[in-house]
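Read the structure below first, then the notes.
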Amino acid sequence: MSGELLHARPFTRFTPPKHPRVAMVSWLLRTLALTLAVSSDVVDVFGARIQTPFIRLPSDAAARRQDVKDIFLTSWNAYKEFAFPHDDLTPLSESFTDGRNGFGASAVDALSTLFIIGEEEIFEEIVNFTSHIDFTISHTTDTVSIFETTIRYLAGMLSAYELSGKKYPALIKQANILGTKLSGAFINGNKVPFGELDFNTSIPVIQTSNIAEAGTLTLEWSRLAKYTGNDTFRALAENSVRQIASLPAPIPGIPAQGIDPSTGQSVGAFVTWGGGSDSYLEYLIKYARITNTNDNLFADTWATAVDSSIHTLLRTSTVGNHTYLADLDDSATIRHVGSHLACFMAGNWIMGGKLLNNNTIVNIGLALNEGCWNTYASTATGIGPEAFGYISSDGDFTGSGDPSPGNLAFYNRNGFYILPGNSDYFMRPEVLESNFYAYRATGDVKFFERAVSATNSFATFLKTPTVAFAPIDDVDSTDSDFIDDMESFWFAEVLKYLYLTFDDPNRISLDNFVFNTEAHPFIAPAEKPVYGSGKLRSASEFEPFKATSGPLPLVSFSPKLPTKIPDQ
């Protein structure tokens, strides 16, 4: 595929209105703004901005922030009492798990949120704790995930260092130790890292990975390179993305989900914006923004992925006219499925569309956000499920069998149905993340009100009979069983995105910060006028795609724990 980027925003000509003086003043101001925007000597000042300057916080914003802070502190106090310094709280059994190698995942992952919500004393306590973690070994028998450890631990330390005004150099020392250990996933000159590493032997696990895990290091490792002076970190992460971006792809810009680090080649032909591919696509445009690189590979590959997704994956439900992105399976068959994980793409398209000055992408991002929010608005709890199916004009195939009569009845009411075995809410952030981007980009108060609704639903349906909050097994039941695990992204992502939706938009502005996939904000340079060349990547840049066989790729999300304890 080659050519101009889909529907680039046209030049707008203003005509003076035949109106009284107030309208004439308005026209003059708009004309002046346009003149300034296209003037070469000030275009950098009026560059590719994401946030609208016209956000008016409702009068109850402070109260809503306090609601989120109360949920955070209730969760935090329970974690400190029953789980710290371990990774995660199990709120029903009032104990802990160490699924992230026992480094204290919830504590480190919470650092940037603690700073943002103003809990300075706790923040300093956890900085001190983090400064003494032994990152040279795993504190469990588990191997270490390069992806999860990067987005939670490494990013948590780097973001806290920046947010605090670089007050704690021990965080960089620790990040350097951790990054050095993680770099052991690159062996034998491989451009693509293996996904898992035995920290105690520094030997990676030789197995298939996926593009999300292999392509979601650039933000964190380039920032680590900046503060350590060791550019190898950046080069390793960036070269992995370059390798992935060079691969033949089932549709332009989106390689197959699976990848073999030993060869750097694709495995299978599955295409999705969901788990296993999600954050690779997310970071293409975010890396372009945080580095302001003049290499258009990153922004242009992202634009090509979006363009081909619009042409190939975009679907509209036959009920409710909701906008979704389908998956494309190994047999090149459209799967009419969506997921909570994939709902990040709405915010990512809003952000990227703004950076490319492309209103078509922004508007489709907003439409995708509406489809994702509908999965919240349509359930008994007001919370969305893990995965869902729908019907569009080309059918209803999901790969999970035909929808049952009950599913069809639900679909006919709501324009989607919950896929069997996927009714749970695992305390994921993606729908609220995209809602946050939509609010900051438009200022439309409905997005603020949706965040209020979600906060109230969490307070009502995730509050356990013991301590803190927990995932639930059935979002369409007001009497659901709980799942005994409160992962660190509850602190790092969900509560941060809610709090920031209610916060002063100029404090952590999307024009001044870039969020990693775990919602840790990094300080960004002043934006460029536009990102990318304005053209799509040409098919001549790629070899013809041929599906390959191999082990099924891993996915980047955590599996639902099997242990459930009913609400007594």
Estimate the FRET efficiency between Thr333 and Ile310 by the formula 1/(1 + (r/R0)^6), using the beta-carbon distance for r and 22 Å for R0, to the nearest 0.05.
0.70
Mean residue ellipticity at 222 nm from the helices of the chain, using -39,500 (n - 2.57) per DSSP H segment of n ≥ 4 over the full residue count, to the nearest 500 deg cm²/dmol?
-12500 deg cm²/dmol
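Counting only protein chains, not ligands or nucleic acids, how are Ser393, Ser209, Ser331 ordered by accessible area (probe 1.4 Å), most first?
Solvent-accessible surface, decreasing: Ser393, Ser331, Ser209.
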Per 10 Å bin from zero, what fraction in whole % of the C-alpha pairs of the range 91-158 is there, up to the bin with the longest pair?
19, 49, 29, 2
For the range 60-540, what is the accessible area per residue in Å² when the probe is 1.4 Å?
30 Å²
Measure of compaction for the chain (Cα Rg per 2.2 N^0.38 Å):
0.94
Which whole-Hz ³J(HN,Hα) couplings does the range 399-408 yield from phi under the Karplus relation 6.51 cos²θ - 1.76 cosθ + 1.60, θ = phi - 60°, glycine and proline marked x?
x, 10, x, 5, x, 6, x, x, 5, 5
Filtered hits (aspartates and glutamates, Cα-Cα < 13 Å from Lys446, offset >= 8 within chain) -> Glu370
Two-site label geometry, Asp295 and Ile203: point separation in nm, points 7 Å out along Cα→Cβ:
3.3 nm
Extension reserve of the Asp444-Glu81 stretch, reckoned as 0.36 nm per residue once the Cα distance is removed
126.7 nm
With a point put 7 Å past each Cα toward its Cβ, work out how far Ile523 is from Leu408 in nm, to one decimal.
6.0 nm
Once you place label points 7 Å from the Cα toward the Cβ at Ser400 and Asn239, how far apart are they in nm?
4.1 nm
When the accessible area of the chain is computed with all protein chains present and a 1.4 Å probe, what percentage of it is carbon and sulfur?
53 percent
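The values are calculated or read from the model by the stated rules, or taken from the named source; none is laboratory data. This one's a predicted model, so the numbers in the text were calculated from it and none came from an experiment. Ideal geometry is used to build each Cβ from the backbone, glycine not excepted, and the neighbour counts take in all protein chains shown. Side chains are part of the model used for accessible areas, which takes the heavy atoms of the whole protein and leaves out ligands, DNA and RNA. Shrake-Rupley method; radii C 1.70, N 1.55, O 1.52, S 1.80 Å.
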